[in-house]
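Working notes, beginning with the structure itself.
Read the figures in this text as sums done on the coordinates, not as results from a lab. All values reported here derive from a predicted model rather than from experimental measurement. Quick reminder, even Gly has a Cβ in these numbers, built from the backbone with ideal geometry, and neighbours come from all protein chains shown.
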Amino acid sequence: MSSALPSNALPERVDLPGRRRLRFAPSPTGELHIGNVRTALLSYCLAGEDGRFLVRIEDTDRERYQPESVPGYLETLAWLGLQWDEGPDIGGPCAPYTESERLPYFEAAVERLVEAGAAYYCFCTRERLDQLRAAQRTAGLPTRYDGHCRTLTAAEATRRRELGEPAVVRLLVPAGETRWDDLVLGPQLFDNETIDDQVLLKSDGFPTYHLAQVVDDHLMGITEVVRAVEWLPSTPKHLITYAALGWEAPRFAHVALVLGQDHSKLSKRHGAQTVREFRELGYLPEAVVNFLAFLGWSPGTEEEIFTLAELRRRVTFDRLQASPAVLDQQRLDYLNGVWIRKLPAEQLALRIQPFLPEAAPEQLIPIAAMVQERIRRLDQVPGLLAFAFSEPEPGADFLRGKLDPREAAAFLQDIPPLLGTAPDPAAEMMDRIRSLAETHAKGDRAAAKKYIRVLRVATTGAEVTPPLPESIALIGAEKAGRRIDRAIRVLTEAA
RNA sequence: GCCCGCAUCGUCUAGCGGUUAGGACACCACUCUUUCAAGGUGGUAACCGGGGUUCGACUCCCCGUGCGGGUACCA
């Protein structure tokens, strides 16, 4: 509770920048999930170019709190390009942006609610609550607090608190019904009978997110709250709290969940799920953003490749989808390939570097050029280029393929003179190799391919590689020559 | 149990009463080609079921079913 904020003061909300103000309020309990990031992306986009996107840290659960996850969250958002206008690191007109530093606001709000009779102290024990719920369940009733402490007098509550009895503060849900027009789901109606007297302030003095979200969203001037449907049932509680505090509620947009391939909620067994994992697999932020945007949104046209900036201009509430989406990694792979091919070679080289630390700096741009249209993920680069960074030793049978070993060796004998002629354009080198192969194949073009294959295997040890001239250039003419010599030796011995 | 949400090809989606139900991924052919890719061409593939409403339902309403979420002093 170390805070510079004045105690028990609930400030008036001031004029805040931005036509729209949307926030992303993650709870620091580990790593950002792909689903979390999608709502962050949506919020960022929906704020629009003339709006503000803020990040707030919802660290009200002291048991699950992992302080070291905050820098990771910010780094992830930055990696994706979701630049925030206000946040815990950069501050802003509503600082602080970390809820644990805003306790006085929540205390003040609670005081106001209790005084207004909209909330009350509750001393019920865990055991009593458990029994209550079990009984309600067997009776076929909604499980909810029975209002046992609702009738406590203020004096009684104060006395028990002063005696040190643990207490929480609960929202007093009035009779009636609660409705709102959801920006994604349309008109919503909840019978207040089914809404629980939610705990707003825990016995440790921290607010639950129900209180924290309401107070902070109001104080921070949030205009639209974008969150996953898992929050839908708690929205009435929030609306009741806003009303009790005399505040106008923001508009709500509940977006559908992202599901795993088996249609269940995304979890560990679905493979990659945190943004860090996708990043380590070699996905580009451009592709992740593009992909995520289409989980629950579409432009209504047949366009499908969008930059983040374009998305920010195009994404609107009325085109958000209400049905859940299954994460299809094959489609992500495809989009990633598209984005890899869009990158200038120098840019791609920079992105490849971490995946290929053994490459010399001057090799990276040629490498980028030769892998650009053959990879869908950056982590495929080392495999594709293994021949350049290790010494392959193909055996005679593999080398000769369907050729007579003597004929294969004879063809390879004629290659070295072609290698020294660099810096030839790749196309010219390939022309010479091809015509040489055709000569050995006596004009049979199909047979010529078998000779070219021998050269490929001899120099790279693999049947599938990037184009030969580029591959040989990467290996280096000298080293390629040695590999050819070795292959000739192996083939001759086998003959 | 109780409350709530969703429902078009395998997947992401377009559609907002009258369409040969469109696109993309994946898949299959063919093509291009030094291998692999990338590219090009073509193809297979969908309105969950039943009732209404309507001259006419993928589109609107109801029921069912399925899937999902919530039901905490977690978010």
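Within region A:62-99, find all residues whose amide N lies under 18 Å from a label point positioned 7 Å from the Cα of A:D15 along Cα-to-beta-carbon. What the label zone holds, given the 18 Å backbone N cut-off, is A:93-94.
Straight-line cross-link partners of A:K237 among the lysines, defined as a Cα under 22 Å from its Cα and at least 8 positions apart when in the same chain: A:K202. At the listed q of 0.10, 0.15 Å⁻¹, the Debye profile of region A:303-393, built from one uniform point per Cα, gives log10 I(q)/I(0) equal to -0.38, -0.69. Projecting the Cα positions of A:G260, A:L200, A:G282 onto the charge dipole of region A:184-284 (unit charges on Cβ atoms of Lys, Arg, Asp and Glu, taken about the Cα centre) puts A:G282 furthest along the positive direction. When +1 charges are put on Lys and Arg Cβ atoms and -1 charges on Asp and Glu Cβ atoms, the dipole computed for chain A relative to its Cα centre reaches about 1020 debye.
What net charge do the residues around A:K479 carry, taking every other residue with its C-beta under 14 Å from that of A:K479, with Lys and Arg at +1 and Asp and Glu at -1? In short, -1. When DSSP beta bridges are restricted to pairs lying wholly in region A:159-257, around 65% turn out antiparallel. Averaging 1/r over each pair of different alpha-carbon atoms in chain A and inverting the result gives 27.3 Å, the Kirkwood hydrodynamic radius. The alpha carbon convex hull volume per residue for region A:374-450 rounds to 145 Å³. Looking at chain A alone, DSSP beta bridges between its own residues are antiparallel in about 55 percent of cases.
Scaling against 2.2 N^0.38 Å puts the C-alpha radius of gyration of region A:1-123 at 1.17. Per residue, chain A reaches -13000 deg cm²/dmol at 222 nm when only DSSP H runs of four or more residues are counted, each adding -39500 (n - 2.57). Would you mind checking region A:293-329 for residues with the amide N under 13 Å from a putative spin-label position 7 Å along Cα→C-beta of A:Q347? Only A:306-310 pass the distance filter.
Our note on the geometry: Cα centres of region A:300-378 and region A:67-145, 37 Å apart. Judged by the mean number of other Cβ atoms found within 10 Å, the most tightly packed of the peptides A:136-145, A:367-376, A:344-353, A:214-223 leads the ranking A:214-223, A:367-376, A:344-353, A:136-145. When the Cα positions of A:A487, A:A249, A:V214 are compared along the charge dipole of chain A, A:A487 comes out farthest toward the positive end, with charges on each C-beta of Lys, Arg, Asp and Glu. Within the shell of other residues whose beta carbon sits under 13 angstrom from the beta carbon of A:L189, the net charge comes to -4, with Lys and Arg scored +1 and Asp and Glu -1.
In this structure, A:R434 and A:E493 have a Cβ-Cβ separation that, at R0 = 25 Å, corresponds to a calculated FRET efficiency of about 0.35. The ratio of the alpha-carbon radius of gyration of region A:37-196 to the globular-protein estimate 2.2 N^0.38 Å is 1.35. What percentage of all Cα-Cα pairs in region A:108-176 are separated by more than 14 Å? The proportion of pairs with Cα distances above 14 Å equals 63 percent.
The residues neighbouring A:F24, those whose beta-carbon lies less than 13 Å from its own, together hold a net charge of 0 under the Lys/Arg +1, Asp/Glu -1 convention.
Counting neighbouring beta carbons within 10 Å and listing from fewest to most, the residues A:Y44, A:Y105 come out as A:Y105, A:Y44. The average projected area of region A:77-148, computed from the convex hull of its Cα atoms over all directions, is 9.0 nm². Ignoring lysines fewer than eight residues from A:K450 along the same chain, the ones with Cα atoms less than 29 angstrom from its Cα are A:K402, A:K442, A:K479.
Around the Cα centre of region A:241-369, unit charges on the Cβ atoms of Lys, Arg, Asp and Glu (plus for the first two, minus for the last two) sum to a dipole of about 340 debye.
What's the Kirkwood radius of region A:172-307 in Å, using all Cα pairs?
Taking every pair of different Cα atoms in region A:172-307, averaging 1/r and inverting gives 17.7 Å.
As a ratio to 2.2 N^0.38 Å, the alpha-carbon radius of gyration computed for region A:20-73 takes the value 1.20.
What is the percent of Cα-Cα separations in region A:210-260 that go past 15 Å?
Result for the distance tail: 43 percent.
Dividing the convex hull volume of the alpha-carbon atoms in region A:49-104 by its residue count gives 84 Å³ per residue.
Within region A:168-227, all pairs of alpha-carbon atoms sorted by distance into 5 Å bins from zero give the percentages 4, 15, 17, 21, 26, 13, 3, 1. Under a model in which nothing but the beta-carbon of Lys, Arg (+1) and Asp, Glu (-1) is charged, region A:122-236 shows a dipole of about 460 debye around its Cα centre. When the charge dipole of chain A is built from unit charges on Cβ atoms (+1 for Lys and Arg, -1 for Asp and Glu) and taken about the Cα centre, the candidate among A:G401, A:L103, A:Y73 whose Cα reaches farthest toward its positive end is A:G401.
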